[in-house]
Structures are given as structure tokens and as C-alpha cells.
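The values are calculated or read from the model by the stated rules, or taken from the named source; none is laboratory data. Since this is a predicted model, take the numbers as computed values, not measurements. With ideal geometry, Cβ positions are generated from the backbone for all residues, glycine too; neighbour counts draw on all protein chains shown. Side chains are part of the model used for accessible areas, which takes the heavy atoms of the whole protein and leaves out ligands, DNA and RNA. Shrake-Rupley method; radii C 1.70, N 1.55, O 1.52, S 1.80 Å.
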Amino acid sequence: MAGSRSEWKTREKAQRKAVERRTREIAKLAKEKAREHQRSHQERQQAEAEQKSARITGRVQDLDQILLAAVRARPLTFDQLNAVDPGKRFDPGRLGVAEPAPDWETFTPAPPSGFRRVLGGRSRHERALREARGRFDSAKARHQKREKQRLRDLNAARIAHDRRAASAGIQAATDNAELDRLRADFDSGRPEAVEWFIGKVLERSAFPKGFPRLHRTAYRPEQRELVVEFALPPPSVVPDVRAYKYVKARDSIDPVPRPRNEVRQRYAKLLACVALRTVHEIFAATPGDLVEAVVFNGRLDATDPATGKKVRPHLVSVRAGRAAFERLDLADAQPVTCLKRLDAAVSPNPYDLEAVEPIVGLDLEQSSSGG
């Protein structure tokens, strides 16, 4: 009896130790899993911070390349505006593929052999053949019906395509005839045609996201001068954050602020780039005997923080003659310095909406183009 009690206690003790050991193992695994989860979470947070920083860096690089991108781009010409007859070849798609006809071999029952032939297999085979022939004939009839429908649909699709192609060709010819008229008027210096073409030049100028696409132009043939009133981007297009960093202690992704003075400098440089870019694009797309000077007036739609009212101050205004402008090396020059050399009127504090008087004013609300 004592031996049995002793054995029972030994087994109980061993079981208790096993349970304790298993409990410790489970706790250890749980801690390791928690640490791995924490490590993975921190890696994801770090990666997100780096991605957000990369987007900010990319945005700033896009802003820095605004002027250089235009200098490297090919200027717009009337030939590029020609409407091209697509002349797309008819593609029937699935309608152009005939469905395979039913194959008798797939319906034919296997002939009887051996004892089956003797034990009535021949008559059963003939009956199976008749049934198979009926199924085959039905499948063949359904196939022929579908094929006739396919051919009707194919013909209708071809007719519709030909109609669209003919309409597109007529429209392209009409558009090109109108473009030829505008080109002739442009070459002769008619203001409406010159303003229309410059509008196309400015519409096709690709700016980063967040830039307004509003402008108005006026051509003065006596002076061979093009005046453009241009909507400027707001200060918010310049990121006020330099980067993002992940702080493990707080498990948060914190912005690294961009110094306010740097934001102001970058915004002033950006406005100079927009002005120089626009003047460059107009000169590059027009002959010298048509446009000898460009007046750029940059205006901002904003809210005056002091009054809460809508204001539209001019922040930059410059008149550039072609000869003087072409002496500038826009790829290497400092934009703000270039504007000073051109005797531009530039806001001393554009970030604070300090306005300047335009050289030649146009009311952007009266008539505008761009989108």
C-alpha cells in the first residue's frame, strides 16, 4: 500500500513538472511571438516613414525640375495639333472565329465485339447508332444556327466599324481644315489665332499636381507683344515637411518640419520658375517676327489671413524681349536672379501675399482659358 502511494506521488510530481515545463514553453513561445510581432510592426512603421519621406523628396524634385523640364521639352507646333484619322483596322474579335462543327466521331458508339455481338449486341448497337445520329443531327443544326447568327453579327459589326471610321475620317478632315485656317491666320498675325495657339501651348504645359491651370492671353500685333495673365500655385504646393521619422519610443511616425525660411525661399524660387518657364514656352513656340516680347503677370487666388476675404494679388510681373531672354541660360541660371536681370516686378514677400503692380494688366475674370 505504501509502495502504491509512493508511486502515485512520483507520477503526480512528474505530471506536475511536465505541466510546469509545458507552461514555461508556452510562455516562452508567446513572448517570442510577441517580440516577433513587435519587430514586424516596427519594420512596417519604419518602411511607411521611409515611403512618406520618399514621396516628399519626389515632390520637391518635381518642383525643382519645373523650369528645366520645359527647357528640354520640344515646343508645340501646328503639325502636332493635326487631327490624325485613326484608320483602325477592323478587329472582329471572337466574332471572327468560327465555332468548330460537331464531329461524328465523338457521337459514334463503340461497335459490339466478342460475345456481345452474338447476344443481341448488334441490334443494340444499331439502336445506339440511330440515337447517336439523332443527337449528332440536332447538334449540327444548332451549330449551323449559331454560325448563321455569328455571321450576321460579324457583318453588323463590320458595318458599324466602317461607319465609325468614315465619321472619324470626316471629323479629322474637318478639324484639319479648321486648323489650316487657324495656321494661316496665325502666320498673318491675326490676334484671335495667335491667342488660340498660345492657349494650346499653355494648356499642354505639364505642371505637377496642385497647380491651377488658368490663364488668359492677349496679343498686341502693333508691338508684336503677347500678354499672359497666369494663375500662380498657392504656397501650399511647397511641402512644409522635410521628411518623416519613426519614433520607436512612442510608436509614432512624426513629421520633420521644413524650416519656414526654406519654405518661403522655395516658394519665391518656384514663382520665378513658373514665370520664366511660361515666357520660354511662348518664345519657343512662336517666330520672332510674330512675338518679339512677352509680358507675364502672375496672379494668386488666395484668402487674406488678416481679413478673411478673397484676394487676387499679382506676385510677379515681367516684360521680356526675345533677344534679351534668349541670352539667358535657363538650364544653369538662378531663376530669381534671372527675373531681376529682366527688371521684373517681384513680390518681396510672396508667401505673405505682398502684391506688385502688373506691367500690363488683364482681368482674369473677364475671359479665361485653360483647365
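Return the residues of the stretch 302-329 that are in contact with a Leu (Cβ under 6 Å, 6 or more places away or on another chain) and either open to solvent by 40 Å² or more (accessible area, probe 1.4 Å) or in a loop (DSSP other than H, G, I, E, B) (or both); say none if nothing qualifies. Passing the criteria: only P313. Exactly one residue among E229, E195, E222 is over 22 Å from R312 (Cβ atoms) and out of contact with any Cys (no Cβ under 7 Å at 6 or more places or on another chain), and that residue is E222.
Among Q38, Q45, which is in contact (Cβ under 8 Å) with a residue 60 or more places away in the chain, open to solvent by less than 100 Å² (accessible area, probe 1.4 Å), under 51 Å from the mean Cα position of the chain (by Cα) and closer than 28 Å to A249 by Cα? From the options Q38, Q45, the qualifying one is Q45. Per the listing A293, A344, A285, the residue uniquely open to solvent by 10 Å² or more (accessible area, probe 1.4 Å), in contact (Cβ under 8 Å) with a residue 40 or more places away in the chain and within 22 Å of A73 (Cα to Cα) is A285.
Within the stretch 69-80, residues that are under 20 Å from V194 (Cα atoms) have Cβ atoms under 9 Å from residues that are assigned to a helix (DSSP H, G or I) and among the acidic types (D, E) in these pairs: P75/E281; L76/E281; F78/D180, counting only partners at least 6 apart in sequence or on another chain.
Of everything in the stretch 130-151 that is of a type in the set (D, E, K, R) and open to solvent by less than 80 Å² (accessible area, probe 1.4 Å), the residue that is nearest to P92 (Cα to Cα) is R150.
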